[in-house]
Every structure is written in C-alpha cells, then in structure tokens.
Amino acid sequence: MKKNNSKLFIGLATGGFIGLIPFAPGTFGSVLGIPLYYFMSSLPLLWSGIFLVPLILFSIWIAGKAEKLLKAKDPGSIVIDEIAGMAVTFWAIPFNIYMAIIGFIVFRFFDILKPFPINYLEKRFTGGLGVVIDDVTAGIISNVVLQIILVVTK
C-alpha cells in the first residue's frame, strides 16, 4: 500500500490523529461524536438514519485497514469506532448540551465496562467488524438509556 494511502487510513481511523494521544484516546475520540450529534440532529430522522448506516460500514472498513497497517488487534489509537458508537448513541436524540454530556458519559460507561452483550460481541468478531461492533452495541444501549431519559423527563 502506498505511504500516502497509509497515512490517510491511519488519519481517518485515529480521528485526525486524536487517537494517538497517549492517554485516554477512546475518550478523546468520543468527543468527536459531539459535533456529529449536532449535525445529525439537524437532519430529518430518516436522513440521519441513512447517514448513520454508511458511517458504520465506513468505520468497519477503515478500522480493518488500520488494524492491518498498525499490525495490532484493536489498538487504542483507532477511535473511528468510538465516533461511530457516539453517532449511534445520539441517533434520534434532539440536540441539547445536557443530552450531549449525559450521552457522552453513558456511552463511555458502556464502552469501558463492556457488559454483556458488548463483551461477547467484541470477542466474537475480528477485523474491522470486531473493532467497531462493541462500540455500536454500546451506542445502541446508550441510545435506549437516552430515549428513556427523554420520556421520563417530559
């Protein structure tokens, strides 16, 4: 693979090289999901869903390429999975700063602790899918929590 392509794949996988921060790269990568949340909340629900599916598929592809380039299984520097997980967390959630903070905390909680089925899926799959599926699952669970919060607080 050409060096320029390698740099592009690594740049995308690491969230513009944010994942190369030596401490808490997943947390810093998750922060990139907040502007994405703002963007998605401005779209009609159907369009944000249409945006979300290719984003997840793209994340799987990029994570798989980056894993091979970095010669490591699910290295912490790959944060495109956190970005995809955050996008799932905030799908169909109206934007406000409180939900952004709560969603960030809830997503990080599930992403770090990896309760079932998150831990099972992480171990079950390899390659780009293995890198991304646990974060997407954490995002689904986080989204359910946020939906419950929205219903309870109305």
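Figures for the structure shown
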read-out: Any hit, segment 120-132, residues being closer than 20 Å to Ala66 by Cα, in a helix (DSSP H, G or I) and free of Cβ contacts under 8 Å to residues at least 12 places away in the same chain; value: yes
read-out: Options Ile101, Ile62, Ile78, Ile83; residue that is over 18 Å from Leu8 (Cα atoms), of a type in the set (Val, Ile, Thr) and either under 13 Å from the mean Cα position of the chain (by Cα) or part of a helix (DSSP H, G or I) (or both); value: Ile101
read-out: Leu70 being at pLDDT 95 or above, among the aliphatic types (A, V, I, L, M) and either surrounded by 12 or more Cβ atoms within 10 Å (Cβ to Cβ) or farther than 18 Å from Thr137 by Cα (or both); value: no
read-out: Qualifying position, being of a type in the set (A, V, I, L, M, F, W, C), surrounded by fewer than 17 Cβ atoms within 10 Å (Cβ to Cβ) and over 30 Å from Lys154 (Cα atoms), among Phe9, Phe95, Phe23, Phe51; value: Phe23
read-out: Subset tally (residues that are under 16 Å from the mean Cα position of the chain (by Cα) and polar (S, T, N, Q)) for segment 113-154; value: 4
read-out: Lone qualifier among Ile93, Ile78, Ile50 - being closer than 18 Å to Ile112 by Cα and either hydrophobic (A, V, I, L, M, F, W, C) or touching a residue at least 24 places away in the same chain (Cβ under 8 Å) (or both); value: Ile78
read-out: Residues of segment 96-112 that turn out to be under 12 Å from Ile141 (Cα atoms) and free of Cβ contacts under 8 Å to residues at least 40 places away in the same chain, as a count; value: 2
read-out: Scope segment 116-143; condition more than 28 Å from Ser41 (Cα to Cα) and surrounded by fewer than 17 Cβ atoms within 10 Å (Cβ to Cβ); matching residues; value: Phe116, Asn119, Tyr120, Lys123, Arg124, Phe125, Thr126, Gly127
read-out: Hey, Leu69 free of Cβ contacts under 8 Å to residues at least 40 places away in the same chain and assigned to a helix (DSSP H, G or I) or not; value: no
read-out: Hits in segment 75-129 - residues which are among the basic types (Lys, Arg) and either modelled with pLDDT of 95 or more or within 22 Å of Pro54 (Cβ to Cβ) (or both); value: Arg108, Lys114, Arg124
read-out: Any helices (runs of 4 or more DSSP H) falling wholly within segment 1-56 and containing at least 3 residues that are under 12 Å from the mean Cα position of the chain (by Cα); value: 25-31, 33-41
read-out: Index of the failed condition, Phe110 passing every other in (1) within 14 Å of the chain's Cα centre (by Cα); (2) part of a loop (DSSP other than H, G, I, E, B); value: (2)
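The values are calculated or read from the model by the stated rules, or taken from the named source; none is laboratory data. Not measured: the values here are computed from a predicted model. Please note: Cβ atoms are built from the backbone with ideal geometry, for glycine as well, and neighbour counts cover all protein chains shown.
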